2 protein chains.
Amino acid sequence: MPATRKKSGHHAQPAHHSRSVSVAFQGELGAFSHVAVGQLLGRQAAVVPLPRFDDVFRALSKSRVDAAVIPIENTLHGSVHENYDHLLDFEPQIVGETHVRVSHSLIACAGVRSKDIRRVFSHPVALNQCLDFFTRNPHLERVPFYDTAGSVKMIIEQGLRDAAGIASSAAAEIYGAHVLKRAIEDDPRNFTRFFLLARPGDGLGPVGEARGWKTSIAFTTRNVPGALFRALSAFALRDLSLTKIESRPLRGKPWEYLFYLDFLGKADDPVCRRALAHLAEFTDLLRVLGSYPKARS
Amino acid sequence: MPATRKKSGHHAQPAHHSRSVSVAFQGELGAFSHVAVGQLLGRQAAVVPLPRFDDVFRALSKSRVDAAVIPIENTLHGSVHENYDHLLDFEPQIVGETHVRVSHSLIACAGVRSKDIRRVFSHPVALNQCLDFFTRNPHLERVPFYDTAGSVKMIIEQGLRDAAGIASSAAAEIYGAHVLKRAIEDDPRNFTRFFLLARPGDGLGPVGEARGWKTSIAFTTRNVPGALFRALSAFALRDLSLTKIESRPLRGKPWEYLFYLDFLGKADDPVCRRALAHLAEFTDLLRVLGSYPKARS
């Protein structure tokens, strides 16, 4: 279900609505980030796959693309701290979020049957998420590869008839391959949350369905007892709901902690503005990373 | 600096102090978890490498080993939620913690020189943490492998003369290999925090240097505004310092959140006992995962 794009009065809306939006993501075509792009912007978006996360942030920052999609946390593997660092360094605005179910498919060349397969290529993390499948199929050799969608691309390019890749079913569609088996992952609770990023004031409006707003912030407090309690009073006293909080020790600054916090509300609503002003009294750094429509979770 | 083991009156101390402690970890000999074992228990520990994290917890739970060492969070990649899940399911006690600097070495067979190397094997995550090194050495082919230490083991076993692995320098020592270059990682701020686990009441005492205590707990609150604020009052009103807090949405229970929290103090000290009793009033589930000597951070 591609989300619909909502225009919003507090964002400038420049001319590029008449053409398709270009969006950068890390990985190969067919990666789960590419699936997230589809959920957020639909299929009309012009995608720009890049090798590294900092390439993605730089492409957005240098106006080589209109938007970027990055993973920010996974239900099994936690927060992607590298991308929080880039959010603080490159200062884009978060304008949307979506959750992608990380469901792995076994994918091969058209005409290849399950019983032909001897080798299975994928990223080791994906191979390790399908251990029950390999236990049930002990004749299959697991071969580590750079990434999930890339393994399908390679198998198709080389025309391998005894091999399959493990990737999103979107990868099969993109590379003209065939899904032999869906949902071979051990744990169906594997979801990744993605952010849609735009340049501040550049007009790519908030994206998502109208089920309320969420705001993401980052702040630091001095490491004294009660510092976080005082900071959270800004939300509790105004009945604002938190949906995420995470502390991260600042390396090299042993007495400071960085916090990531998401709350329900829009940063420029009056109550939220007062809460953020109150919070600023009890924090050193305070950064609003963006307000965006809350995704179905 | 291997930490010294401290005996503590509140843990029973059975007979197995006279023999070496057996300790399970996930991965190959020479993995960073193995380095953590050395930091926590010294070199006398009998190590039991196992393929999966749940194997490690099960081996401890079934008394096949005396202790286990598991990674719990990384400064770049966040918390290892899988291991938090296992902590809640298998219910071991945390009796120690340590931080391991994830520093990658380029490792080859003895006699092989840097200029002989054409291929570099390692886990893709490790290969991606050394991108600057590969940019400076564009003639090197990167080959994904199952894990870091395992790549060194394979190169030695097969006697490859044109290949190197990327792993801990401990892996070089264990497999009789040669370190060609140390610290080839891009980001020196890459640290992993490990827990030492024991069976409750089984006598492996708290392990670590005497620089104060830390307690790790997990709790759930209903998702209502101010729920976390009320929970944190238990610590703030008693001047107890938090060193970690992280929320995790409970999949399938959209109105509940699970929190991981670490605070400075020992669960059976009177003030901490009262704080935990107070906290229990404002939480549904509350689990003390263990109290242990605070590691140098």
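Each reported figure results from applying straightforward, stated rules to the coordinates on display, with no laboratory input. Just so it is clear, the model here is predicted, and its values are computed rather than measured. Glycine also receives a Cβ, built like all others from the backbone with ideal geometry; neighbour counts cover every protein chain displayed.
Other residues whose C-beta falls under 15 angstrom from the C-beta of B:TYR175 contribute a net charge of -3, scoring Lys and Arg +1 and Asp and Glu -1.
Calculate how steeply helix A:270-281 sits against the longest principal axis of the alpha-carbon atoms of chain A, using the helix alpha-carbon long axis, and give the answer as 0 to 90 degrees to the nearest 10. So the inclination is approximately 80 degrees. Per-residue mean of foreign Cβ neighbours for B:218-227 is 3 (Cβ atoms of other chains, 10 Å radius). Nearest 10 degrees, 0 to 90: what angle lies between the long axis of helix B:81-90 and the longest principal axis of chain B (Cα atoms)? Helix B:81-90 and the main axis of chain B meet at about 60 degrees. Once the Cα atoms are used to define both axes, helix B:32-41 deviates from the longest principal axis of chain B by about 60 degrees.
Dividing the Cα radius of gyration of the range B:58-134 by 2.2 N^0.38 Å, with N the residue count, gives 1.56. Tell me whether the range A:98-162 comes out rounded, prolate or oblate; compute the Cα gyration tensor, take square roots of the eigenvalues as a ≥ b ≥ c, and use a/c under 1.5 as the rounded threshold. Judged from the Cα gyration tensor, the range A:98-162 comes out oblate (a/c at least 1.5, b/c at or above a/b). For the pair the range B:171-245 and the range A:119-151, the centres of their Cα atoms are 31 angstrom apart. Here the alpha carbons of the protein assembly as shown define both size measures, Rg and Dmax, at 24.7, 77 Å. Placing a label point 7 Å from the Cα of A:LEU285 along the Cα-to-Cβ direction, the residues of the range A:189-223 with a backbone N closer than 15 Å are A:217-223. Shown is the FRET efficiency for B:ARG161 and B:GLU91, computed with R0 = 51 Å from the Cβ-Cβ distance and rounded to the nearest 0.05: 0.55.
Taking chain B as a Gaussian network of alpha-carbon nodes connected by springs under 10 Å, the highest mean-square fluctuation of the residues B:SER79, B:SER33, B:SER168 belongs to B:SER79. Compare A:ASP147, A:ASP269, A:ASP187 in a GNM of chain A, Cα atoms joined below 10 Å, and give the one with the largest fluctuation. Its mean-square fluctuation being the largest, the pick is A:ASP269. I need the shape label for the range A:103-225. Rule: rounded when a/c is under 1.5, else prolate if a/b > b/c, else oblate, with a, b, c from the alpha carbon gyration tensor. The shape class here is prolate.
Counting neighbouring Cβ atoms within 10 Å and putting the fewest first, the residues B:HIS178, B:HIS34 line up as B:HIS178, B:HIS34.
Orientation-averaged projection of the range A:213-293 equals 4.8 nm² [convex hull of Cα atoms, one quarter of hull surface area].
With its label point put 7 Å out from Cα toward Cβ, B:ARG52 sits 3.5 nm from the same residue's point in the other copies, in order from shortest. Summing Cβ point charges (Lys, Arg +1; Asp, Glu -1) relative to the Cα centre of the protein assembly as shown gives a dipole of roughly 200 debye.
Where does the protein assembly as shown land at 222 nm, in deg cm²/dmol rounded to the nearest 500, when only DSSP H runs of n ≥ 4 count, each adding -39500 (n - 2.57), divided by all residues? -7500 deg cm²/dmol, from helical runs alone. Within the shell defined by Cβ-Cβ distances under 9 Å, the residues around A:THR243 carry a net charge of +2, with Lys and Arg each +1 and Asp and Glu each -1. Averaged over peptide B:73-82, the number of partner chain Cβ atoms lying within 10 Å of each residue's Cβ comes to 6.
For chain B, a Gaussian network of Cα nodes joined below 10 Å ranks B:ARG161, B:ARG136, B:ARG248 by mean-square fluctuation, and the top entry is B:ARG136. This model, with +1 at the C-beta of Lys and Arg and -1 at the C-beta of Asp and Glu, gives chain A a dipole about its Cα centre of some 520 debye. If one computes the Cα centroid of the range B:37-92 and of the range A:13-87, what distance in Å separates the two points? Taking the Cα centre of each part, the range B:37-92 and the range A:13-87 sit 35 Å apart.
For A:LEU285, the point set 7 Å out from Cα toward Cβ sits 3.3 nm from its twins in the other copies, listed from shortest up. Among beta bridges identified by DSSP and lying wholly in the range A:12-107, the antiparallel ones come to about 20 percent.
Among B:VAL179, A:VAL80, B:VAL23, A:VAL48, the ranking by other beta carbons within 10 Å of each residue's beta carbon, starting with the fewest, stands as B:VAL179, A:VAL48, A:VAL80, B:VAL23. Other residues with beta-carbon under 11 Å from the beta-carbon of A:PHE134 carry, at +1 per Lys or Arg and -1 per Asp or Glu, a net charge of -1. A point 7 Å from Cα along Cα→Cβ stands in for A:GLY203, and the other copies hold the same point at 7.5 nm, listed in rising order.
Modelled spin labels at A:ARG274 and B:GLU173, positioned 7 Å past Cα toward Cβ, are 6.1 nm from each other. For chain B, rounded, prolate or oblate, judged on the Cα gyration tensor with a ≥ b ≥ c (square roots of eigenvalues), a/c < 1.5 rounded, else prolate if a/b > b/c? Prolate shape, in that a/c is at least 1.5 and a/b is the bigger ratio.
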